[in-house]
């Protein structure tokens, strides 16, 4: 997937790779996930997705678009073909463009005449495509490796896909909304991660006070045995719509009997693998918690991404499901480690719960999911440890962690004994009876511990970071695991560039990067 | 199914049974089916369907409704429960009522929160239901027998059901419309007939002129191999919606591999058995033709209904599919007979084709379906035959018709030889290679001819009409056919009442009714 980016100011092209998610947040403190979502959603609602010829002349395209409205942002990328995301400054631009659009008239085949904000740019004179320019030279990898964190463009595209899908759901449930959750928005997502979405039907249930006497009306509706059955019904119909009508939606699978019923499909125009669920509210809350932890301290995300990159290089994690430690588990392990610094870099979940206002009280499916989302209420002691110190101490911490007796639990400061016998026990933050690392077997855990020991030793003995990020002598390549053709050092190069720009980390870690990596990468 | 009817003027109750479909038509000549449809559709769009307690106090209900808007019409009927059709004088009334409505809050079960114009009236104080009144005393049979022609109320309800279903289809295809066709609107429908509907997607395909040069947009849509595949896709999704979301829609069947793909279901609130198709344009045109014939002369419909009633009494037709002659075939036989009077009471289809303006040219799926729908262009010689004469001559005509060589064909005046060997050959008016009575076997045709001979003889010898309408000695009751408990004379009584009021037939046939039937019924 390649990307080229155009700025809104007509004629002035400016690349916007790796733009921070929200540039303003540094000035006014972090933005809440709710506000961030609302802003992204509004952007998405005034955007369209356009399939284009690969050599579309960008200036002519922008000139054409400007007839319909003021363009805030426009960028191209390549997925299954070339596409452009166009954000107008208001809905009128979208409406004007849609009103000008025609149904394709195709001989010898027919079309499902669904009008959506997914369009196709046609050009009567092919000379209008820019033969001189070679936009492919401007392309960059949107998913150059699986270790890059999400860019502004990728995030915009994720919200746009949610918004396009919501147009389909809103046809029946006007008060519904489809929201991304998980790695797409929690701040720990990598490029190429799945797009997890939730169809939130809560807005559709409007409970009115009944009059004390006299007549009133209720909607006559289908009744089902449970909320789960409603979810299944709604997802079943949406799956049918996507399958039969949804342009670019392929491989639609209804997985309705799962613990959390979902619809899985590939959205070709965006290149995203999508999972749509309708009732996973606890997962929404987990997303908010992770986002909060990521925003509380600038060192959290770089450390998480570096540990994940290290883990990927040594086969601790794997894209193939199995007994490996997952990225989610590793993320929780880093957060847990940061809670245990002295002074702590992150508060415990119990502390966030204590700080919550009564209005933030939240119980979902019997689980207490209360915590404050208000950054102003959370004060932490100053901890000045550098990222290189923290990385070394992370390896040290897990080299000596008593995995056979202790659990990893974001809730409390005190030590927690494992309630069950799985080699690795990481408590699900809200569904506290669940172990999120139940899949990890003893040998995988042993490999992890051995690698931590080795890496701690290497760092202490003054090795470069890139030495850590190359497969070590103890990292056995499994028969079923295919090695990436791209060496780890290449992936790290991109990662470091991404993190440096993204987080404006001007202390420790950047120095660490500069000293240890850049000269040799 | 029972009916009680309330007039719009608040507090003044007036029964409106058997109101003519359009009272104005007598003054300004017949109304075109297109105009009639548009009027009915507009009524339906400003109407709601309300499930009520059987003892709802009508005046209090009307008072409650008047808070939301001016009520044009309100009537109650019984299906699976008691329902009211409420027509406001404009859309604002509907909107206001819907905005006041709540989602039911149900403990221990869940609801699919689809908001539609299908509502449920709730009453906080049960004392508000009218214990004194016994509305059931006001009820009349909406479908007292299968021989009654459609009433105004029943027609309103049919259009309302189409409009409610269109709300579902329009969610994806805003320019679509669901229209009734066949017996619901052709003027020959009987109470209790199925509701045949077509989803017309033509409005959704808006072909715009392409610009001569430069860029333009097309909607990105799913492509299929054929128009049929589009129809199947759309019907498949709508079937899913009806099944999962549609209040009161039960027994939803997808019959997508039929020659004409359709969705079949029972709509409980109306009590209608529904068939929804999406591409049966020839059937739409047949509906228009039958409507035109019915409107051209006031004797057409009474004669058709009487012949059908006679046929039903003698087992010529049957509600069970089989080798019996269908009501549709009988209707065509009556029309064919009326084309052959001297002077003709109805013109041939070929004549209607000659009279068509160029704008009325119509070719559907390779079939020439051209004919004029303009009543002013059709002039006929004066024929003063009475309905009793015509009934006798109908029996006479088919007593001597050379079925083994001749076909029945609404197209031409001349005699037509049968192109194939089926005992009865009635050419489909537009798909001229099809025989609509292919199902009829020799013994059923023989019974029909024998009954015609007997009935012609009875009428000539001065017998009363009701003698004709009682099972004759030659009408053998088939083992598999259940006799209706209601005697034919009872059904006839209702039929005659219906036809007399509906058609204002003040000559021949009414006298015939009075002289021959009413005193003895």
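Values for this structure:
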quantity: Sorted by Cβ density within 10 Å, fewest first, the residues A:324, B:457; calculated: B:457, A:324
quantity: Sites residue B:167 and residue A:105, calculated FRET efficiency, Cβ-Cβ separation with R0 30 Å, nearest 0.05; calculated: 0.60
quantity: Residue order, fewest to most surrounding Cβ atoms within 10 angstrom, among A:382, A:277, A:432; calculated: A:382, A:432, A:277
quantity: Residues in the range B:339-356 reached by a label modelled at residue B:298 [backbone nitrogen below 18 Å; 7 Å Cα→Cβ]; calculated: B:345-346
quantity: Stretch gain in nm, segment residue A:378-residue A:450, where the contour uses 0.36 nm per residue and the Cα spacing is subtracted; calculated: 22.3 nm
quantity: Gyration tensor (alpha-carbon) shape descriptor, the range A:163-301, a/c threshold 1.5; calculated: oblate
quantity: Nearest-to-axis residue of chain A, judged by beta-carbon position, where the axis maps A onto B, in Å; calculated: A:171, 2
quantity: At R0 = 35 Å, FRET efficiency that the Cβ-Cβ distance of residue A:63 and residue A:32 yields, to 0.05; calculated: 0.35
quantity: Projected label distance in nm at residue B:357 and residue B:340, using a 7 Å step from Cα toward the beta-carbon; calculated: 3.5 nm
quantity: Simple spin-label estimate for residue B:39 and residue A:441 in nanometres, 7 Å along Cα-Cβ; calculated: 8.0 nm
quantity: Inter-copy separations for residue A:322, label at 7 Å along Cα-Cβ, nm, ascending; calculated: 6.9
quantity: Added length on full extension, which subtracts the Cα-Cα distance from 0.36 nm per residue, residue B:323 to residue B:402; calculated: 26.5 nm
quantity: Spin-label model distance (nm) - residue B:365 vs residue B:260, 7 Å beyond Cα toward Cβ; calculated: 0.7 nm
quantity: For residue A:361, label point 7 Å along C-beta direction: distances to other copies, nm; calculated: 7.6
quantity: Residues residue B:95 and residue A:350, FRET efficiency given R0 of 51 Å [Cβ-Cβ distance, rounded to 0.05]; calculated: 0.55
quantity: At 7 Å out from Cα toward Cβ: residue A:379 inter-copy label distances (nm, ascending); calculated: 10.1
quantity: Exposure proxy ranking, count of Cβ atoms within 10 Å, fewest first, for B:92, A:388; calculated: B:92, A:388
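Readers should treat all values here as calculations from the given coordinates under stated rules, not as data from a laboratory. These numbers were taken from a predicted model, which means no experiment stands behind them. Because the Cβ atoms are built from the backbone with ideal geometry, glycine has one as well, and the counts that use them run over all protein chains shown.
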